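Each remark here refers to the structure printed beneath this line.
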Amino acid sequence: MKISLHALSHALTMAGLEIEGVSRAAPEMSGVVVAEVLTTTKHPDAEKLSLCRVYDGQQELQIVCGASNVRAGIKVPLARVGAKLPGGMEIKQAKLRGVESFGMLCSARELGLAEESSGLLELSSALSVGQDLVKALALDDYIFEINLTPNRGDCMSVLGVAREVAALRGALLQPALQKPVSSTDTQTFPVSIESSGCQKFVSRVIRGVTPNAVAPDWLRERLRRAGVRSINAIVDITNYVLLELGQPMHAYDLRRLHERIVVRQARDGEGVTLLDGRAINLTADILVIADAKQVLALAGVMGGADSAISNETRDVLLEVAYFEPDAIAGRGRRYGLVTDASQRFERGVDPTLQERAMERATQLIVECAGGTVGPTQVSGPLANRPFKRNAIQLRHDRVVRLLGHAVPVADVTRILASLGMDAQFNGVGTWSVTPPTWRFDLSIEQDLIEEVARIYGYDNIASTPAHAPQVLQGATEQRVTPERISHVLVDRGYQEAITYSFTDPKIQQLLFPDTAGLALANPISAELGVMRLSLWPGLIQVLSANQRRQQPRIRLFEIGRKFSADGKQEINVLAGLAAGLVAPKQWASESRQVDFYDVKADVEALLQLTDRSEEFSCVPAQHSALHPGRTARILRKDQPVGWLGELNPKLVTALDLAHPAVVFELELDVSFVAQVPEYKEISRFPSVRRDLALLVDESLSFANLHDVVAEAAGPWLKELTVFDVYLGAGIEKGKKSIALGLNLQDTSRTLTDADIDAAMARVVAHLAQRLDARLRDK
């Protein structure tokens, strides 16, 4: 039964294998056929051109060609006159240096099959001359780009996806027959396993392969479609087996190996030069493959350059191993390596697949490069015992309860069997299910129920309202909600950001040099390797990305959790950042960059939501990430609740920021406890205003003034404002003049002059005694 591209894409996506894109295997082209070069001669008037006689299956044509690899006897693509090539090129009859050319011999790049090529695309001699090239190379095919979830490592191969397609269509997967390759040699290479991270190591010696052999067209074409560059026959075949079966494998130049192979933990101080030319130093928790003299490879990640296959290789040692996922996870990312092999080993490779992969690779190598084949050698704990999975108990009533749908017993049994599971039904509503060896993500009952739902089809499960008791949560007016906080910031021009709870260790180290964040055991990337000590690193990265895109005005905030260095404490915080222009450019006012006091006003607006803004104060402080002299610790009744300040200039330079940024951070649970609204009678009696002009120390803050004045004036003080600050002529050095306005009022009577004079006298006396402030007499 055939299925359309759209239907297959939808079915796979609904089963959890998201299809991100479907593209043609090759760009549109027409009029290109397989042709054979009969003869070549030098062009009479051009040293670098050749005059070729080419047979296209119908007639002989004269073609002028400039490719260096053109020669008699090869088969190549021929674009006939009138052919249309990718990019809109149409082939016409032309004269090249006075000689007519009736078509064009094509390279892979000209056909859109490669980004670069050094000559004509040489085709297999088995192809029929005159055959349409699209049909000959199966270019009328389609490529599916699949985005897998991290738990589905079994689908990182053609075999794995084929299993899914078979299960979705209710068919049995017919595996390709793989006959063992008969040994024609007796040579083996000694192998010893010294680490439990390697459970099986399958090896085979193949001697006398053709140096620099080329893989067949069909194999190189399939690698191209998967985005893998062709190198040589041996390497291409190992890459092809990985894509076909999902089993990573490696090939060594046997001449470069010394005495034996050892799979062991690295020794501190050891190093290896990898295939990409990078030299790295190893630690004892790295699993390596070595010989008697040196480390040969980072096990499960990448091979080493010293034992790599080259154009002179004649004898090969093939390796196909099963490494425990825990032994490989995170090791490559430590060195910035995420390879096809490490991605599969970290998720789990079928422990029974190694022998099959070895036979498949051996078959292809013998076909492409010849050689005499030695016996297969299997080493490790799994060499002498089968790999077994523990059975999982699955209850039918649990299936119905979780899915909200009565999936028939027969369908459950069929689905589990179609996915390769051994499902034994006991007749009373329970299965004993043994997962297949390739499914490392199946360990509990809920995993099996998810599999049933995937294959049964979410579209076939009707939506039903959930029945659950409603539990009313406690509502309190003492808590300012995150939504209310967000609305205030959005109204003031901020945009909400959501960043990862883990962050770049390098950026975090710049901000907090004296505190090491909690490192992740298995980070998703090297740039997300530690738990964040603050929300600032993530916001700064967002700022950097926006400044690189020439955004002139940036306001960001985030509500989330930060983590203590030991990982034992999680703190809910609000963090914000502002950079760039304080307001959009306009003609009526001069443009300027945002500063400390602009953001301080935003923070004060937030804290006013508590109706207890008088409890908060900003005091000068020092912070490694912030500008000395432009940093404040935010206090609530002497309890530290946050930070406010401009980024340290050294950080601005190190992070290559276009403009300095002002940042803040507040602990939510202590900062946004609000005053419960309560009734207060508005006084019916008049208020009285009195002004004071004081000389005080230049460093004195308004918060200190406010506290002293409020204590002296008592409950009559309703408002205290600063309406003038002056430094300059007439003011002694180290002092400043500050003018205060006091509004005094009582709720039970009209204050008399005597009351007010007494209150003002107390205020002046307290200011003089506590702050050495004196009245300014002129």
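Hey, does the stretch 254-261 have a residue that's out of contact with any Asp or Glu (no Cβ under 6 Å at 6 or more places or on another chain) and under 22 Å from GLN343 (Cβ atoms)? Scanning the stretch 254-261 turns up no residue that is out of contact with any Asp or Glu (no Cβ under 6 Å at 6 or more places or on another chain) and under 22 Å from GLN343 (Cβ atoms). Kindly indicate whether any position in the stretch 663-674 is among the β-branched types (Val, Ile, Thr) and either outside any strand (DSSP E or B) or at pLDDT 95 or above (or both). Yes; the residues of the stretch 663-674 include at least one that is among the β-branched types (Val, Ile, Thr) and either outside any strand (DSSP E or B) or at pLDDT 95 or above (or both). Scanning the stretch 75-91 for residues that are surrounded by fewer than 17 Cβ atoms within 10 Å (Cβ to Cβ) and in a loop (DSSP other than H, G, I, E, B) turns up PRO86, GLY87, GLY88. Each residue in the stretch 690-745 was checked for being in contact with a Ser or Thr (Cβ under 8 Å, 6 or more places away or on another chain), among the basic types (Lys, Arg) and under 12 Å from VAL763 (Cα atoms), and 0 pass. Among the residues making up the stretch 22-54, a single one is of a type in the set (Asp, Glu), under 18 Å from GLY98 (Cβ atoms) and part of a strand (DSSP E or B): GLU47. Only a single item in (1) open to solvent by less than 40 Å² (accessible area, probe 1.4 Å); (2) in contact with a Gly (Cβ under 6 Å, 6 or more places away or on another chain); (3) under 22 Å from VAL205 (Cα atoms) is not met by ILE328, and it is number (3). Restricting to the stretch 86-118, name every residue that is within 43 Å of the chain's Cα centre (by Cα) and either aromatic (Phe, Trp, Tyr) or on the phi > 0 side of the Ramachandran plot (or both). Result: GLY87, GLY88, GLY112. Across the stretch 337-363, which residue is nearest to GLN377 (Cα to Cα) among those that are out of contact with any Ser or Thr (no Cβ under 9 Å at 6 or more places or on another chain), of a type outside the set (S, T, N, Q) and open to solvent by 30 Å² or more (accessible area, probe 1.4 Å)? Among those residues, the one meeting the criterion is ARG356. Strands (runs of 3 or more DSSP E) fully within the stretch 136-247 that include at least 2 residues being touching a Ser or Thr at 6+ places or on another chain (Cβ under 9 Å), under 30 Å from PRO381 (Cα atoms) and not β-branched (Val, Ile, Thr): 198-207.
Screening the stretch 92-109 for residues that are out of contact with any strand residue (DSSP E or B) (no Cβ under 6 Å at 6 or more places or on another chain) and not in a strand (DSSP E or B) and picking the one that is most open to solvent (accessible area, probe 1.4 Å) gives LYS92. When the test is whether a residue is modelled with pLDDT of 90 or more, assigned to a strand (DSSP E or B), open to solvent by less than 40 Å² (accessible area, probe 1.4 Å) and of a type in the set (Gly, Ala, Ser), GLY16 does not pass it. Among strands (runs of 3 or more DSSP E) entirely within the stretch 346-453, having at least 1 residues that are in contact (Cβ under 8 Å) with a residue 12 or more places away in the chain and under 30 Å from ARG204 (Cβ atoms) singles out 377-379. Whether any residue in the stretch 167-175 is at pLDDT 90 or above and either among the β-branched types (Val, Ile, Thr) or surrounded by 15 or more Cβ atoms within 10 Å (Cβ to Cβ) (or both) is what I want to check. Yes. Among residues of the stretch 652-680 that are free of Cβ contacts under 8 Å to residues at least 60 places away in the same chain, those with a beta-carbon under 7 Å from a residue that is open to solvent by less than 10 Å² (accessible area, probe 1.4 Å) and part of a strand (DSSP E or B) at least six positions away or on a different chain give the pairs VAL670/VAL641.
Considering the stretch 541-627, the qualifying strands (runs of 3 or more DSSP E), each wholly inside and each with 1 or more residues that are free of Cβ contacts under 8 Å to residues at least 12 places away in the same chain and open to solvent by 40 Å² or more (accessible area, probe 1.4 Å), run over 570-580. A single entry from THR184, THR188 fulfils the requirement of being surrounded by fewer than 18 Cβ atoms within 10 Å (Cβ to Cβ) and in contact with a Gly (Cβ under 7 Å, 6 or more places away or on another chain): THR188.
The values are calculated or read from the model by the stated rules, or taken from the named source; none is laboratory data. Model, not experiment: these values are computed from the prediction. Here Cβ is always computed from backbone atoms with ideal geometry, including for glycine, and neighbour counts include all displayed protein chains. We work out accessible area using only protein heavy atoms, side chains counted, and drop any ligands, DNA or RNA first. Shrake-Rupley method; radii C 1.70, N 1.55, O 1.52, S 1.80 Å.
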